[in-house]
1. Once phi is turned into θ = phi - 60°, what whole-Hz ³J(HN,Hα) does the Karplus curve with 6.51, -1.76 and 1.60 give for every residue of region 286-295, x standing for Gly and Pro?
2. Quick one: net charge of Tyr745's neighbours, Cβ under 13 Å, K/R +1, D/E -1?
3. May I ask you to derive the relative contact order of region 31-142, considering only C-alpha pairs under 8 Å and at least 6 residues apart, and to give it as an integer percent?
4. So what's the back-of-envelope 222 nm ellipticity for the chain, counting only DSSP H runs of four-plus at -39500 (n - 2.57) apiece and dividing by all residues, rounded to 500?
5. Give the relative contact order (percent, whole number) for region 507-630; include only Cα pairs under 8 Å separated by 6+ residues.
6. Just add up the charged neighbours of Leu29: K/R +1, D/E -1, any other residue whose Cβ is under 11 Å from the Cβ of Leu29.
7. For region 212-225, what does the Karplus curve 6.51 cos²θ - 1.76 cosθ + 1.60, with θ = phi - 60°, yield as ³J(HN,Hα) per residue in whole Hz, taken in order and with x for Gly and Pro?
8. Counting alpha carbon pairs within less than 8 Å and at least 6 residues apart, what relative contact order, in whole percent, applies to region 199-257?
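The values are calculated or read from the model by the stated rules, or taken from the named source; none is laboratory data. Model, not experiment: these values are computed from the prediction. We place every Cβ from the backbone using ideal geometry, glycine too, and count neighbours over all the protein chains shown. Quick note on the areas: whole protein, heavy atoms, side chains included, nothing else; ligands and nucleic acids left out. Shrake-Rupley method; radii C 1.70, N 1.55, O 1.52, S 1.80 Å.
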Amino acid sequence: MSRASVARADVAAARLRLVSPVSGWAARLEEVPDPAFSQRLMGDGVAVDPTSPELRAPCDGVVMSVHASRHACTLRASTGAEILLHIGIDTVMLRGEGFTSHVQTGQQVRAGALLITFDMDLLARKARSLQTLMVVVNAEGYTVSDCVEGRSVQAGEPLLTVTGDAARASEAEAEARVLREVRLLLAHGLHARPAAAFALRARQHLGGVVLTCKGRTANGKSVSALMALGAVHGDTLSLQVEGEGAEQVARELVEWVAAGLGEAIHLRAAPGVAVSMPVPVPASTVPELDAAQGERILSGTLASPGLALGRAVRVTELTFEVPEVGAGLEHESARLDEALARVRAEIQAAHAAGPGAGARGDIFGAHLALLEDPELLEAARREVAQGRSAPWAWRAVVERQAAALVGLEDARLAERASDLRDLARRVVAELMGRAHSRVPAELPPDAILVADELLPSELAALDPRRVAGLCMARGGPTSHVAILAAGMGIPAVVAMGASALGIPDGAPLVLEGDSGQVRVFPSESTREVTTRGLAARAERRSARLANAHEECRTADGVRIEVFANLGRPADALSAFEKGAEGCGLLRTEFLFLERVHAPDEEEQTARYQEIADALQGRPLVIRTLDVGGDKPLAYLPLPREENPVLGLRGVRVSLRSPELLRAQVRAILRVQPRGACRILVPMVTSADELRAVRAVVEAERGALGRAEPIALGAMVEVPAAAVLADQLAAAADFLSIGTNDLTQYVLAMDRGNAELASRLDGLHPGVLRLVAKTVEGARVHGRPVAVCGGVASEPLAAPLLVGLGVTELSATPAVIPDVKAALRTLSLAHCEQVARAALSLESAEAVRALVRSTWPGL
Ligand code: PEP
Ligand code: MG
């Protein structure tokens with residue numbers, strides 16, 4: 001036994017005196033009119049016929065459970081003894097009537113704490129007996145002695161002694177059970193990716209892990225079962241962990257859930273998906289469109305923007321004749337295991353061959369987790385044990401689970417059913433020695449795939465250059481297929497309903513990803529317009545890309561730096577390829593969110609260095625940690641806030657947790673080459689905050705013996721910072737405007753509010769005036785001003801920002817060629833003139849209209 005185990009065994013072996021939970025007459029268990037208690041099947045203890053209506057804790061402990069009918073609860077004492085307190089006999093039938101619980105699962109209580117009150121008159125009328133039981137349920141590790149029996153007792157008076165059996169204490173400890181609760185703060189609930197993340201951690205624990213939510217219970221190691229809980233944002237999850245180390249595992253799992261399970265955490269749920277999920281329609285019941293009817297327009301939902309002209313390639317169902325009866329348990333089990341192993345190896349190989357991160361990597365990860373899902377495996381083995389063939393068993397089990405997900409009436413979870421069906425097909429095809437993809441191996445040039453629903457693995461396996469577009473009857477804009485299509489640059493329209501299935505194979509199509517429309521049998525003029533549109537897009541794109549690496553200057557030669565916003569090291573290289581002249585905003589949250597401990601200085605240095613290397617010495621503006629508000633950290637507890645967006649955020653958190661700031665600053669100071677990095681501080685409200693950060697920077701620079709100074713900038717996101725920009729500029733080396741936050745604070749519109757989304761526009765004159773005010777203040781001290789908020793990524797907004805005096809834009813990498821191209825055609829003088837006019841307008845729409853009419857080509 002390890003030292004820790006010995007210590008735990010000592011605790012378990014300790015004697016524990018339990019006091020009476022109620023006042024009343026104490027009696028032997030044999031006198032209770034219920035064999036479950038009288039024969040000590042539930043454990044050893046005492047009964048008290050109560051004369052007081054209050055059940056109180058018999059010792060210090062943790063509430064392990066309160067029965068749904070509130071007539072019983074279980075406590076776990078510090079010695080490990082688990083004590084059931086049960087009011088009356090057969091009182092479960094009352095379904096809670098007459099009982100009021102005063103505690104919750106997981107709550108720590110002291111001896112004498114009020115647990116449950118009960119209506120004695122009602123129980124006297126309705127219950128078989130009022131006798132209240134106190135029994136030690138894990139009796140195999142504990143001995144009950146010194147029981148008071150046959151006399152009246154007062155609540156709080158010693159009633160019996162529980163002594164741990166030292167010889168069996170470690171066994172009892174190994175069987176420990178820990179209960180915890182945690183709120184789910186994932187915008188999209190417990191869908192496939194976070195479920196897989198949870199299950200992977202749970203599977204490292206040898207003992208049981210069970211999650212309960214809204215009365216549904218799931219094996220915590222099973223991705224499919226976890227998804228089927230239907231847990232949505234804001235739900236409370238009850239976690240039960242059993243076995244050795246349960247306490248530690250439970251703590252880690254709770255922290256892991258609180259940290260978002262690898263997803264971003266949202267204090268509010270994301271808006272519901274306003275997409276209907278058309279049910280599958282047998283293709284044969286949909287009449288085929290006919291060329292003779294002329295051009296037909298079908299509508300769906302935009303999933304991936306773009307334009308395509310091509311021919312329909314119908315992706316139809318593969319049918320497998322799967323025998324139900326198998327060739328025996330051993331044979332079929334072995335076949336299933338081998339097929340699963342082969343599919344796993346294929347997925348791993350595909351995973352390794354492509355980019356590891358992003359949507360594609362997530363999908364492969366979720367599929368791998370589903371392949372190892374213990375619930376699915378066990379259910380399939382049960383079918384095989386009943387004589388079914390391996391493919392029949394696997395298909396039946398996975399189909400059942402997919403149907404359960406669809407039945408949850410949650411569009412996002414229903415979309416995940418396609419992942420399961422995808423897996424079912426792959427494994428069954430493997431077992432039957434057939435190809436698993438329904439997409440023909442040979443595709444004509446400009447193929448537009450038309451499917452009821454294309455599966456993620458089918459799309460991921462395709463070469464994007466061979467597919468012009470994708471339309472689907474089902475799916476939603478958040479489905480994995482949609483995310484994949486966007487990542488692969490394939491225009492896609494989804495959720496078209498049954499009409500999509502009327503598109504004949506080979507029919508000419510125009511797919512307008514931007515408007516979510518598909519034109520079947522397009523007219524000659526539609527084709528011409530589309531062909532011209534495609535040519536113009538292609539030409540524009542390649543010309544812009546060809547020039548993307550050149551410095552950005554306005555038509556009259558004014559230098560404007562165009563940088564990239566980065567959120568992950570993986571994007572640095574592609575940003576550089578798109579012409580980024582540096583990184584104007586590295587959101588360092590990627591290193592801090594979604595984990596249980598803060599990254600240390602070494603880890604941070606390594607990751608920042610990776611990005612600096614990819615940028616080959618170009619400027620790298622590293623923003624200090626911007627958490628709090630909508631980005632809480634599990635390991636940095638902040639007080640509960642009524643209004644977190646107006647609470648502890650950005651620099652306010654850094655100054656409150658100086659050790660975190662200090663480590664980050666040191667990591668940045670260590671990056672080579674020394675001149676590459678600048679430090680940017682988020683959510684600054686006044687100059688003294690920046691001076692406080694500078695003091696930390698200078699102290700650490702001295703401690704590291706670094707001679708080279710480092711530029712320190714303030715983000716302008718708070719209206720006061722814009723208004724007092726001259727004061728801020730005195731304390732800063734540069735300013736960078738975060739228009740996302742600035743807009744939400746200026747317009748008093750929450751940036752997470754879907755209802756207000758269309759009005760939350762950074763081109764609102766109110767925001768533009770603050771941009772102008774910031775530049776004016778910065779000029780007093782000769783400081784440059786950048787914009788790193790969302791408007792910097794809009795080619796239409798860039799000339800206005802430049803016209804207001806901004807000299808650096810930091811944008812999403814994909815749009816950098818477009819932003820540079822837009823600025824190259826315009827003179828600064830003209831930009832200034834239009835920007836001045838924009839400041840006097842009344843609305844963002846008016847500003848946009850002005851820009852469009854001035855520069856129609858943008
Ligand atoms: C902003 O607020 O504009 C900004 C760039 O910061 P973030 O979007 O990360 O809050
Ligand atoms: Mg911000």
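1. 9, x, 6, 5, 10, 4, 5, 6, x, 5
2. Summing Lys/Arg as +1 and Asp/Glu as -1 gives -1.
3. It comes to 37 percent, rounded to a whole number.
4. The per-residue figure over the chain is -11500 deg cm²/dmol.
5. For region 507-630, the relative contact order is 19 percent.
6. Value of the local net charge: -3.
7. Whole-Hz 3J(HN,Hα) from phi for region 212-225: 10, 8, 6, x, 9, 10, 9, 5, x, 9, 10, 4, 5, 5.
8. Across region 199-257, relative contact order equals 35 percent.
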